[in-house]
Amino acid sequence: MNHCQAIRLTVVVHKDIAEDVQKVFTDLGVPYFSHELGRYPILKRNHIFLLNLYSSAQLYNLPVVIFQVLTDKKTEDFLFNKIIESADLTIPGHGSIYTEEISVFSPMAENLVYRNPIKTKPMGFTGLTGIFCIIQRGAADTMSHYILENGVAVPTITYGVGRGLRDRLGLLRITIPKEKEIVKLIVHSSDAEHALDFIIEAGKLDLPGKGFIFEYPIKRGLINTKISLDGPKQAASMEQVISALDHLYGNIDWRRQFTNFRKGARKRNYFEGVNIHLNAKEGFVEKVLMKLSKLGISGATISQDRLIKFDEENSLFNPARDSANLLIPKKMLNEVISELEALRFFAEETEGIAYTMEIPRAFSYQSKGNQKK
């Protein structure tokens, strides 16, 4: 199976700025990019009229567009900087951008990667960790409220439909809702374990059928710091002060001593593995997941996105896509890729693409039988 190494660049912006990002892709001739809708939860405090006081904060959701594009290492900084400049991502509230190193499996893998090796000075920061989790629908707001109150991160939330344990419970499946929320956030690497621990508690991920969570390395990023809709009473808002200090220090390490979030994470039985992100024509991912269950692989959540090429007449891929993320042991990767080939996942009628990355720390429900082992 053809495969290549690539940099996956993710941009999350308010929907009003999405056209600016798309224009960058058009002007630079980016071959393909994916497009998905989501939301940014943000705090909105209830103001007590005349008293100039605030009561408890509520969540307000901002609509966002999530773009992903593949590039190579020599082009990463150039494209990264172009998007920051076009969408003004140094302004709090405009959005976030970050990159990851991944492997791409597809007969057309090379065609998906944008290459334009122009040397530029890298922007953004290192020392970041991504967190990806799937939880029951409705649980994301509780988790988001706590994380925003502590100023740790601004989560991005999308939706999906769960499979796995629920499909094996027969009549009992009605007790586990199929609707899921997919939550992604970028945190300082020193806060990663504490963020994982809280989300496991908030989402009850140590119970069967509740979802799973993992962290993944971020190569470089520039992260949205706007956590509240409340306007500043001073010349600069707190988000602007944080952004200025980030650039003054040249990193975000200074933030660690100012958060109460990093307290008492309990010890968990985390495991290492590989995340396989399957993407194919709409309707095909679920069929493949059902057949992969014979390898003991289950628990995926299916979501939808679009794979866009501006010159649609010459596109090698159907734009309407389904996606699913699978967590597997690293030793199973070659076996799973071979099984996907045998299932014709990468064939022309399916247009399957598999993106893989190593996961240093993950957590999901483990049966008592597995724990004993």
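The values are calculated or read from the model by the stated rules, or taken from the named source; none is laboratory data. These numbers were taken from a predicted model, which means no experiment stands behind them. Because the Cβ atoms are built from the backbone with ideal geometry, glycine has one as well, and the counts that use them run over all protein chains shown. What goes into the accessible areas is simple: the full protein's heavy atoms, side chains included, and nothing from ligands, DNA or RNA. Shrake-Rupley method; radii C 1.70, N 1.55, O 1.52, S 1.80 Å.
Using 0.36 nm times the number of residues separating Gln58 and Glu179, minus their current alpha carbon distance, what extension gain do you get? Before the final figure, lay out each step's value.
Numbers: separation 121, 0.36 × 121 = 43.56 nm, distance 2.32 nm.
The span from Gln58 to Glu179 would gain 41.2 nm if fully extended.
For His3 and Ser338, compute 0.36 nm times the residue count separating them, minus their Cα-Cα distance, and round to one decimal in nm.
Values: separation 335, 0.36 × 335 = 120.60 nm, distance 1.28 nm.
Here the segment from His3 to Ser338 would lengthen by 119.3 nm.
Take Glu272, project a point 7 Å from its Cα along the Cβ direction, then tell me which residues of the stretch 329-363 have their backbone nitrogen under 16 Å from it.
Label zone hits: 329-334, 357-363.
Distance from a point 7 Å along Cα→Cβ of Leu28 to each backbone N in the stretch 112-133: keep the residues under 13 Å and list them by number.
Those under the cut-off are 113-123.
Quote the accessible area belonging to Glu341 in square angstrom, nearest 10, computed with a 1.4 Å probe and with ligands, DNA and RNA left uncounted.
Taking all protein chains as shown, Glu341 has close to 80 Å².
Once phi is turned into θ = phi - 60°, what whole-Hz ³J(HN,Hα) does the Karplus curve with 6.51, -1.76 and 1.60 give for every residue of the stretch 109-123, x standing for Gly and Pro?
3, 5, 5, 7, 9, 7, 10, 7, x, 9, 6, 9, 6, x, 10
What's the local net charge at Glu339, with K and R +1, D and E -1, over the other residues with C-beta under 15 Å away? Before the final figure, lay out the partial values.
Values: positive: Lys287, Lys291, Lys294, Lys331, Arg344; negative: Glu335, Glu341.
In short, +3.
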